[in-house]
Amino acid sequence: MKLATFTHEGSTRIGVVTGDEIVDLTAVAPGLPTEMAALLAAGAEAIRTAKTAAAGAAKRLELAAVRLEAPILRPPKYLAIGLNYADHVEESGMETPSVPIFFNKQSTCVTGSHQPIHLPRASSLLDYEGELAFVIGRRCRHVPRERAHEVIAGYLVANDVSVRDWQLRTPTMTMGKSFDTHGPLGPWLVTADEIGDPHALELRTWVNGEQRQHSNTRELIFDCFALVETLSTVFTLEPGLVVTTGTPSGVGGPQRRYLKEGDVVRIEIERIGHIENRVVAEPATTATS
């Protein structure tokens with residue numbers, strides 16, 4: 001099942017994507033939560049209700065008539081990992097890590113699968129990183145690797161957009177990974193049962209139609225289940241938590257091929273779909289509220 005967050009006629013809610021259409025769950029199953037993390041937290045019965053209601057829905061919306069948002073609009077946590085493909089370790093000139101290298105992306109960086117990415121006023125060293133991401137579906141702690149698949153709700157495509165000079169200012173990397181709009185996610189959340197093995201998925205990234213990255217998730221140094229085990233050893237994982245799994249070689253930084261205004265980044269992962277974001281200049285206004 002493909003679960004999406006979408007906006008239609010000024011209202012944002014969740015739905016089930018089938019082909020080129022989307023079933024509005026607020027219309028066919030009004031008792032369900034209207035926000036994705038809340039739906040996941042409601043448990044397996046809520047997911048089954050959504051699936052059954054969508055399958056029997058007579059009324060559907062054309063995907064072209066809605067705006068797809070990030071499936072999880074504001075994750076409770078957004079965690080990412082560095083240096084998790086051997087070829088990216090090599091191009092970065094770093095040593096292969098012996099344990100996962102996690103860092104935070106602030107949840108305010110999250111944006112939709114086809115929304116613009118800002119070229120920051122503070123830097124021109126803007127880079128892309130095509131990645132597989134997964135979303136936690138159950139509150140859990142101390143999950144062994146062999147049971148990690150039980151707590152993953154599903155998978156999506158991510159771009160771990162990076163501002164390289166800000167990233168390298170501090171060891172945590174958080175500042176260079178958390179600029180507004182630098183967390184495109186989507187296009188929808190594909191439930192784990194539909195993906196099957198998440199460690200056999202082709203991943204490709206294009207910039208302006210030129211393929212820059214091509215790998216397979218079988219090349220992950222620490223796979224999805226190992227990441228769940230490590231994270232849940234330290235703290236409680238909650239529904240809606242997003243974890244990205246690292247990027248393969250082909251990022252722009254090593255060749256100093258940074259993104260510029262007008263560039264279009266497309267990232268596609270087998271059995272999930274694609275996201276595509278255009279780079280625009282960061283707005284010149286100062287936001288206050």
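The values are calculated or read from the model by the stated rules, or taken from the named source; none is laboratory data. Since this is a predicted model, take the numbers as computed values, not measurements. Glycine also receives a Cβ, built like all others from the backbone with ideal geometry; neighbour counts cover every protein chain displayed. Areas reflect the complete protein model, heavy atoms only, side chains present, ligands, DNA and RNA absent. Shrake-Rupley method; radii C 1.70, N 1.55, O 1.52, S 1.80 Å.
The table that follows gives values for the structure above.
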| item | result |
| --- | --- |
| Å³ per residue enclosed by the Cα convex hull of segment 182-260 | 143 Å³ |
| Hydrodynamic radius of the chain per Kirkwood, over alpha carbon pairs, in Å | 19.1 Å |
| Percent accessible area from carbon and sulfur atoms, segment 214-261, protein chains only, probe 1.4 Å | 46 percent |
| GNM result for the chain, Cα springs below 10 Å: residue of 80, 226, 192 fluctuating most strongly | 226 |
| Among 26, 7, 49 - extreme Cα towards positive end, dipole of segment 2-51, charges at beta-carbon | 49 |
| Selection of chymotrypsin sites (Phe, Trp or Tyr not before Pro), segment 209-289, meeting DSSP coil and at most 13 other Cβ within 10 Å | 235 |
| Under 5 Å, built H, 5+ apart or other chain: amide partners of residue 213 | 205 |
| For segment 215-221, Karplus couplings with θ = phi - 60° (6.51, -1.76, 1.60), whole Hz, Gly/Pro x | 8, 9, 5, 5, 8, 4, 6 |
| Degrees between helix 44-55 axis and first principal axis of the chain (Cα, 0 to 90, nearest 10) | 70 degrees |
| Point-charge dipole on Cβ atoms (K/R +1, D/E -1) for the chain, about Cα centre, debye to 20 | 620 debye |
| Tensor-based shape of segment 6-81 (alpha-carbon gyration tensor, a/c under 1.5 rounded, otherwise prolate or oblate) | oblate |
| Semi-axis lengths, Å, segment 109-180, gyration tensor of Cα atoms, sqrt of 5 times eigenvalues | 29, 16, 9 |
| Filtered trypsin sites (Lys or Arg not before Pro), segment 62-170: DSSP coil and at most 14 other beta carbons within 10 Å | 121, 139, 141, 169 |
| Semi-axis lengths (Å, descending) of the ellipsoid that matches the C-alpha gyration tensor of segment 92-141 | 24, 21, 11 |
| Cα-based radius of gyration of segment 229-288 once divided by 2.2 N^0.38 Å, which approximates compact folds | 1.63 |
| GluC sites (Glu not before Pro) within segment 48-103, DSSP loop, no more than 11 other Cβ atoms inside 10 Å | 95 |
| Between 0 and 90°, nearest 10: helix 224-234 axis offset from the chain longest Cα axis | 90 degrees |
| At R0 = 30 Å, FRET efficiency that the Cβ-Cβ distance of residue 260 and residue 45 yields, to 0.05 | 0.05 |
| Shape box of segment 1-146 [Cα atoms, principal axes, largest first, Å] | 55, 42, 25 |
| Residue-by-residue Karplus 3J(HN,Hα) for segment 246-251, coefficients 6.51, -1.76, 1.60, Hz, glycine and proline x | x, 10, x, 5, x, 5 |
| Backbone N within segment 89-116 under 18 Å of label point (7 Å from residue 235 Cα along the Cβ vector) | 100-110 |
| Using alpha carbons only: equivalent-ellipsoid semi-axes of segment 158-227, gyration tensor based, whole Å | 25, 16, 14 |
